[in-house]
Every structure is written in structure tokens, then in C-alpha cells.
Amino acid sequence: MTLVQLRHLVSLAQTGSFRRSAEALFLTQPALSRSIQALEEELGQRLFDRIGWRSELTPFGREVLARAKRLITEAEHLKESAARLQTGQAGRLRVGLGSGPGAILTAPVLRHMATHHPAAQVEFARGRTALLEQALRERRLDALVVDIRSVPPSADLLVQPLAELRGAFLCRAGHPLRAEASQAPLPFDSLRRYPMASSPLSDEIGRLLLERYGPQAHLDDCITLRCEDIGTLVQVVASSDAILLAVRAAAPDLLELPVHPPLNATARFGLVTLVGRSEPPLLEVLRRLIAELLRD
């Protein structure tokens, strides 16, 4: 039994004529007859009584017709849904966001989806990279957007670099160090006089800080406020004398503190998916948005 045969059934029920139905379906009458006969043989009962030139539904045929119409309607809806899924107008996307990407992407991406893809379901998860990787492997997430330097090399992960954003030491307007910084870049020990906040940093950033500023820049010693949510840290820094170490783009309302030697550190954000797994169509929408949003 095929949808084509069911459509033939519906057409013949509407016209009552093999000739008219064959013309409407662009078929020959013998081809239409064979299609209806094959359907009757498969179902085990006659669908039509042939009365002269007219074909009328049998009682069994009327039952089959009602179900055939429902099946055809469902098939059409399925085709329409598939088209919406393919173009990103519908569907579901579950993405794990690292702290930096989360601070930059969450609000604008959700706003874009609500405006341009209102039927789509988008779910963001936040947490440590290791936990997000586990959720990806367990199929609870479709993709990750994280600092790819925090992702250990693995044969089952596909890592696509997307953007490299500059890191900086940031503070509120009116911070005591702003006056000092107006005269000359600050030595790192000046920053150590104040609480320093950061989300979890990669080992590479930890090594870079030690190379730039010596043992006093060891992450275990200099970072006093840690949180996965950079947005929370930004609020703390905006209302206190704490200093934030983060990608510049994650806190556009804070001010940058020039330091000597310069930090010259970047975060390399990328998209992580599972090798061999088909991508949800909505992921391409997210990929384009990320290209627009992850900029200094």
C-alpha cells in the first residue's frame, strides 16, 4: 500500500469515474485500474462496486476512504514539517555554552530565535566544559560552543574554530586603579591589591599568566572569585572594586585596565559536535549567528 494508491482511491471516490480520475491524475485508465485492483487485493476486499460506467464505494470502501484521507493529510503535514525543519523554521536545538560564549551569545541568540524562528525550540545548558562534553556524548546536547583549548583532543569530537577574542583585565568606571592607569600601564602587583574574578580558565591561559607576570599570577593565588557565569561576575565587578579577567567582548560596559607587560591573551571559541552524527538543521542557523556575534 502506498500514498499514491490512496490518492488514486480518493480521486476515484470523488469522481466515480475511472476515465475522469485517470485524466485528473494524468494516468491511463488501465494504470488506474491496476492501482485500485492492487489495493483491493492487498486489503482483501472490494473497495468499489462497478455499476455501469460509474464506480461506487462499497461499505468497506467508505471506511478505507476516511482513513486514507487522514493518512494523506498526515503525510502532507509531515512533508511541510520536514521543509520547516530543513530551513530552520522549526525543530529543536540543545547547545552547551562555556562561560565566555554564554555571556556573549545567550541573550542575542534567544532574541533572534524568538523573532525569526518562533516555532523552533532552543535550549542552552551552562557548566564546566567536561560536564558539557559528557552531555554531548550522551546525546543530551547537540553541540557545544566553548573555548576549544579546554577540550582535550578526542577522536569522537569534531572541533570547528569560530572566533578568537581578546582577553583583558576589566573594572568599573571610577575604580581606584583607573587614575593610576591614566599615567602609565599598571604592573601586575597593582592588580593584586584587589579581588580578581574569573570563570574557569584553561591551563594554557594559566601558563601564559605565569610567563607574563611571574609566580604571583598563579591562578590558585590571584583568582579569588570564581564562577561559571560571567554575567554574574560582571555584575559583581560593576558594583565593587573587584577586577574581572575575561574576554573583552563579554563585558562591554566595563573598562579595560592597561597592564605592563600586556596580557596578549585570547580565547579561541569553537563549535564542538560528535563525529559522524547528523547535525540538526537549526545548528547552521546558530553557526551563522555565532559568526556575527563573536567579535571584539
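Just name the residue that is nearest to G96 (Cα to Cα) out of those in the stretch 157-173 that are in contact with a strand residue (DSSP E or B) (Cβ under 6 Å, 6 or more places away or on another chain) and charged (D, E, K, R).
E164
Tell me which of these Y213 doesn't satisfy, since it passes every other one: (1) more than 30 Å from the chain's Cα centre (by Cα); (2) closer than 20 Å to G127 by Cα; (3) among the aromatic types (F, W, Y).
(2)
L263 is checked against (1) of a type in the set (A, V, I, L, M, F, W, C); (2) under 28 Å from F124 (Cβ atoms); (3) touching a residue at least 24 places away in the same chain (Cβ under 8 Å) and fails just one. What number does that condition carry?
Here L263 clears every test but (2).
Is there a residue being over 11 Å from L6 (Cα atoms), free of Cβ contacts under 8 Å to residues at least 12 places away in the same chain and touching a strand residue (DSSP E or B) at 6+ places or on another chain (Cβ under 8 Å) anywhere in the stretch 43-50?
Here is the first cut: in the stretch 43-50, the ones over 11 Å from L6 (Cα atoms) are 43-50.
Subset that is free of Cβ contacts under 8 Å to residues at least 12 places away in the same chain: 44, 49-50.
With the extra rule that they be touching a strand residue (DSSP E or B) at 6+ places or on another chain (Cβ under 8 Å), the set shrinks to 49.
Scanning the stretch 43-50, I find at least one residue that is over 11 Å from L6 (Cα atoms), free of Cβ contacts under 8 Å to residues at least 12 places away in the same chain and touching a strand residue (DSSP E or B) at 6+ places or on another chain (Cβ under 8 Å), so the answer is yes.
Scanning for something among the hydrophobic types (A, V, I, L, M, F, W, C), out of contact with any strand residue (DSSP E or B) (no Cβ under 6 Å at 6 or more places or on another chain) and within 26 Å of G270 (Cα to Cα), does the stretch 174-188 turn up at least one residue?
Within the stretch 174-188 (the criterion being among the hydrophobic types (A, V, I, L, M, F, W, C), out of contact with any strand residue (DSSP E or B) (no Cβ under 6 Å at 6 or more places or on another chain) and within 26 Å of G270 (Cα to Cα)), the answer is no, since none of the residues qualifies.
Per-residue answers, yes or no, for (1) closer than 30 Å to A130 by Cβ; (2) modelled with pLDDT under 90:
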position	(1), (2)
L3	no, yes
V10	no, no
A38	no, no
E42	no, no
L65	no, no
A82	no, yes
L97	yes, no
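Quick check, is G61 in contact with a strand residue (DSSP E or B) (Cβ under 7 Å, 6 or more places away or on another chain), buried (at least 17 other Cβ atoms within 10 Å of the Cβ) and farther than 30 Å from L286 by Cα? Break it down stepwise before answering.
Details: in contact with a strand residue (DSSP E or B) (Cβ under 7 Å, 6 or more places away or on another chain): yes; buried (at least 17 other Cβ atoms within 10 Å of the Cβ): yes; farther than 30 Å from L286 by Cα: yes.
Yes.
Quick one: in the stretch 251-265, which of the residues that are of a type in the set (A, V, I, L, M) and over 30 Å from the mean Cα position of the chain (by Cα) is surrounded by the fewest Cβ atoms within 10 Å (Cβ to Cβ)?
Here the residue is L255.
Please list, ordered by first then second residue, the pairs with beta carbon atoms under 9 Å, 6 or more apart or interchain, first in the stretch 140-154 and closer than 15 Å to T273 by Cβ and touching a residue at least 24 places away in the same chain (Cβ under 8 Å), second among the hydrophobic types (A, V, I, L, M, F, W, C) and assigned to a loop (DSSP other than H, G, I, E, B).
Sorted first by the residue in the stretch 140-154, then by its partner, the pairs are L144/V151; V145/L294.
Restricting to the stretch 253-296, name every residue that is under 17 Å from A163 (Cα atoms) and in a loop (DSSP other than H, G, I, E, B).
First pass over the stretch 253-296, keeping only residues under 17 Å from A163 (Cα atoms): 264-273, 283-296.
Selection gives N264, A265, L294, R295, D296.
Just checking: which of the strands (runs of 3 or more DSSP E) contained wholly in the stretch 119-227 hold 2 or more residues that are in contact with a Gly (Cβ under 6 Å, 6 or more places away or on another chain) and either surrounded by 14 or more Cβ atoms within 10 Å (Cβ to Cβ) or not charged (D, E, K, R) (or both)? Give the derivation first.
Working: elements: 121-126, 143-147, 157-171, 196-198.
Where strands (runs of 3 or more DSSP E) fall fully within the stretch 119-227 and carry at least 2 residues being in contact with a Gly (Cβ under 6 Å, 6 or more places away or on another chain) and either surrounded by 14 or more Cβ atoms within 10 Å (Cβ to Cβ) or not charged (D, E, K, R) (or both), they are 121-126, 143-147, 157-171.
The values are calculated or read from the model by the stated rules, or taken from the named source; none is laboratory data. These figures come from a predicted structure and were not determined experimentally. Every residue, glycine as well, gets a Cβ built from its backbone with ideal geometry; the counts of neighbours run over all protein chains shown.
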